[in-house]
Amino acid sequence: MSSIENLQIPSELLPRDGRFGAGPSKVRAEQLAALVADAPTYLGTSHRQATVRNKVGEVRDGLRDLFNLPDGYEVLLGNGGTTCFWDAATFHLVANHSQHLSFGEFSSKFASSVKDAPHLSDPQIIKSEVGTHPRAVADDSVDLYALTHNETSTGVMMNIERPAGSTGIVAVDATSAAGGLMIDPAQFDCYYFAPQKSFASDGGLWLAICSPAAIERIETLAASGRWTPAFFDLKIALDNSRLNQTYNTPALATIHLMASQIKWMNDNGGLAFSSGRSGRSAEILYTWADASDFATPFVANPEERSKVVATIDFNDDVDATIIAKVLRANGVVDTEPYRKLGRNQLRIAMFPSVDPEDVASLCASINYVVGNL
Ligand SMILES: *Cc1c(COP(=O)(O)O)cnc(C)c1O
């Protein structure tokens, strides 16, 4: 076993960039160069002054362009990442009763936050087997449908559509989907995410694209007298966001890296370009797995196979843990599966920053490792 772990993958097979993690994910060198160039007048300056506020404005306007947002939709942001946004949503997005599609680690977490909130009624939780996704069911008692565009733990993506005949608002966890998958803003009221996946930046921030209905919900709940910690107060976040600020101090480098990534996407053709890169990577990876006699896409339904985070099962006689170790020793990192899924599997992120050619090289590298096991 120790000898296989010393296996050297020939350099001509290796990806030029070995970062395939599902978050934090690959940051492009050009983003970092842009940050370094701006650093003397940007880093270490006040987030309440024009230089940084204009950068926040670039992020907000850039997202508006990227997602082709209809009039009235607004981009909110705050500190704490997606996990914090779930808690904020229990105060200022769920009025009383929510319905959650639960099909993996992340989608189950928001459901748990709501379940534990003493001021909300027990949520409806619709589950399906890992590797699949359930469907929302319209129900007049539901005021918020909690969907997940891409379940990062299992590699399942789902089409985002308002449940037919529903009156509640639709909130979508798009943490790993936003920027890498196509989306129609008419189908959601709140599309929330964080910068460390397709936006190739660091964690710690949440962003939420809100429709007029979602903004109305925030304003109504904020005026309702429901006790809300200020950090989770989405009305405070809304007011600050409108001024291109956050409630408390944000990480300036994170905002800058994200602004560069959004600009790169928009300059090259927008969401069609960025999701097209992920789509091409996914085509290469799943075609390889389908043709392989030792690897199989974990998600059975090809329509549900994620184009941003792929999960690939290996035959019992091929230990994926060893493959991931050898890859890591050769500089190809973070292909390990989601820890709690417990499968003989690799998980490979194909966010827009990842070069599709590097995905092809990764497949060749895995073939080489397995051939030498
Ligand atoms: C990464 C991820 C999260 C967690 O994001 P944090 O910013 O770390 O809180 C939540 N949901 C999904 C779908 C994710 O991929």
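The values are calculated or read from the model by the stated rules, or taken from the named source; none is laboratory data. Keep in mind the model is a prediction, meaning the values are calculated, not measured. A quick note on method: Cβ atoms are made from the backbone with ideal geometry, for glycine too, and the neighbour counts reach across all protein chains shown. For the accessible areas, the whole protein counts, side chains as well, though only heavy atoms, and no ligand, DNA or RNA atoms are used. Shrake-Rupley method; radii C 1.70, N 1.55, O 1.52, S 1.80 Å.
One residue stands out among those in the range 109-125 that are under 21 Å from the mean Cα position of the chain (by Cα) and open to solvent by 40 Å² or more (accessible area, probe 1.4 Å): the one that is farthest from the ligand (Cβ to nearest atom), which is SER112. For the range 182-194, a residue qualifies if it is within 14 Å of the ligand (Cβ to nearest atom) and closer than 18 Å to THR167 by Cα, and the qualifying residues are CYS190, TYR191.
Selection of the range 161-175 for residues being surrounded by fewer than 20 Cβ atoms within 10 Å (Cβ to Cβ) and either within 10 Å of the ligand (Cβ to nearest atom) or not hydrophobic (A, V, I, L, M, F, W, C) (or both) yields GLU161, ARG162, PRO163, GLY165, SER166, THR167. Number of residues in the range 140-155 that are more than 22 Å from PRO297 (Cα to Cα) and either part of a loop (DSSP other than H, G, I, E, B) or open to solvent by 10 Å² or more (accessible area, probe 1.4 Å) (or both) equals 4.
Filtering the range 237-248 to residues that are out of contact with any helix residue (DSSP H, G or I) (no Cβ under 6 Å at 6 or more places or on another chain) and open to solvent by 40 Å² or more (accessible area, probe 1.4 Å) leaves ASP239, ARG242, LEU243, ASN248. Figure legend. Inter-residue proximity from the range 40-53: first residues without any contact (Cβ under 8 Å) to a residue 40 or more places away in the chain, second residues not in a helix (DSSP H, G or I), beta-carbon distance below 8 Å, spacing 6+ or different chains. Indicated pairs: THR51/THR45. Out of all the residues in the range 15-45, which are within 17 Å of PHE351 (Cβ to Cβ), assigned to a helix (DSSP H, G or I) and open to solvent by 30 Å² or more (accessible area, probe 1.4 Å)? If the condition is that a residue be within 17 Å of PHE351 (Cβ to Cβ), assigned to a helix (DSSP H, G or I) and open to solvent by 30 Å² or more (accessible area, probe 1.4 Å), then ALA29, GLU30, LEU32 are the ones that fit. Filtering MET158, MET182 for residues that are touching a His at 6+ places or on another chain (Cβ under 6 Å), open to solvent by 10 Å² or more (accessible area, probe 1.4 Å) and either without any contact (Cβ under 8 Å) to a residue 12 or more places away in the chain or assigned by TED's automatic domain parsing to the domain that holds ALA253 (or both) leaves a single hit, MET158. Taking the range 195-236 as the range and being small (Gly, Ala, Ser), buried (at least 19 other Cβ atoms within 10 Å of the Cβ) and within 15 Å of the ligand (Cβ to nearest atom) as the test, the residues that pass are SER198, ALA200, SER201, ALA208. Out of ASP239, ASP290, I need the residue that is outside any loop (DSSP other than H, G, I, E, B), without any contact (Cβ under 8 Å) to a residue 24 or more places away in the chain and not assigned by TED's automatic domain parsing to the domain that holds THR90. Which one? None of the others qualify; the one that does is ASP290.
Each residue in the range 297-349 was checked for being touching a strand residue (DSSP E or B) at 6+ places or on another chain (Cβ under 7 Å), β-branched (Val, Ile, Thr) and surrounded by 16 or more Cβ atoms within 10 Å (Cβ to Cβ), and 8 pass. Of (1) open to solvent by less than 10 Å² (accessible area, probe 1.4 Å); (2) in contact (Cβ under 8 Å) with a residue 24 or more places away in the chain, ALA364 satisfies all except one. Which? ALA364 satisfies every listed condition except (1). Residues considered: ALA208, ALA237. Of these, the only one that is touching a Cys at 6+ places or on another chain (Cβ under 7 Å) and of a type in the set (A, V, I, L, M, F, W, C) is ALA208.
Among the residues making up the range 307-324, those that are farther than 25 Å from SER3 by Cβ and part of a strand (DSSP E or B) are VAL309, ALA310, THR311, ASP313. Among all residues of the range 46-54, there is at least one that is open to solvent by less than 30 Å² (accessible area, probe 1.4 Å) and either more than 16 Å from the ligand (Cβ to nearest atom) or within 23 Å of GLN196 (Cα to Cα) (or both). Return yes or no: is PHE106 under 28 Å from VAL299 (Cβ atoms) and open to solvent by 10 Å² or more (accessible area, probe 1.4 Å)? It is true that PHE106 is under 28 Å from VAL299 (Cβ atoms) and open to solvent by 10 Å² or more (accessible area, probe 1.4 Å).
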